[in-house]
Amino acid sequence: MSISGISSYGGYGGYALQASHGANCQCPACQQNLASAAAPAALASAPGNSAADPSAADQKEPARPNATLGADGKPLDEQQQKQVEALKARDSEVRQHEQAHLTSGGALAGGGATYTYQQGPDGKQYAIGGEVGIRLARGSTPQETISNAQTVQRAALAPADPSGQDRAVAAAAAQMEQQARIELMQQQAGKQGMSPLQARQHVNSPERQGPGLGSNIDTYA
């Protein structure tokens, strides 16, 4: 602080100092004012400040307008996104598998497919398993039974990757077809060189018994 002049005040001829504070003034008041003035400038010039550095805003992670959202409305992380993709692939595979059964089964695969679902991180339901009811139906004649059995076999094995259950259904249908052919042989015993008694005994042998004789059964593929 430096003295720049004096002036009188009051009625008793006293004097007061007029203070002039320069840039190099070391008084506490000046030092505090200088520190306060410097703070906003330092903040404005700080790295990443969009006002001082227009490119700072461009350095932020860009928004992802098409990002998959979770059930809570927040974007999914990388692991959750992979899980959703896996569930989508499984859903497609299961539906194609069951549709193959339905397409090949015709009337014997009525009622459509039944699915088991799992909810993904995105809140959507995905099919992870399914089944189609297929009727092993005997016909009014051995020829009709044979045709039905062949249809069931085609339906059970229609998917590109038949499951163990699919193969079991196909095996049951193949057994029913075999039995129907024996019955047809019995009807044509004279032409086949076999007596009716021999044909009947052949049909009724324990190894020839199985699903499809005398009734219709529901199986699932």
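Here, each number is a calculation from the coordinates, and none is a lab measurement. Bear in mind the structure is a predicted one, so any value in this text is a computation, not a measurement. Using ideal geometry, Cβ is built from the backbone for each residue, glycine included, and neighbour counts are taken over all protein chains shown.
Annotations
- Scanning segment 137-168 for residues that are in contact (Cβ under 8 Å) with a residue 60 or more places away in the chain, more than 17 Å from G112 (Cα to Cα) and assigned to a helix (DSSP H, G or I) returns T145, A149.
- Of all residues in segment 113-122, none are outside any strand (DSSP E or B), closer than 14 Å to A158 by Cβ and touching a residue at least 24 places away in the same chain (Cβ under 8 Å).
- The residues of segment 77-94 that are touching a strand residue (DSSP E or B) at 6+ places or on another chain (Cβ under 7 Å) and either surrounded by 15 or more Cβ atoms within 10 Å (Cβ to Cβ) or touching a residue at least 60 places away in the same chain (Cβ under 8 Å) (or both), listed by number, are L87, R90, D91, V94.
- The single condition among (1) of a type in the set (A, V, I, L, M); (2) in contact with a Ser or Thr (Cβ under 9 Å, 6 or more places away or on another chain); (3) assigned to a helix (DSSP H, G or I); (4) under 30 Å from G73 (Cβ atoms) that A127 does not meet is (3).
- Residue within segment 153-160 that is within 30 Å of Q187 (Cβ to Cβ), touching a strand residue (DSSP E or B) at 6+ places or on another chain (Cβ under 9 Å) and surrounded by 18 or more Cβ atoms within 10 Å (Cβ to Cβ) present: yes
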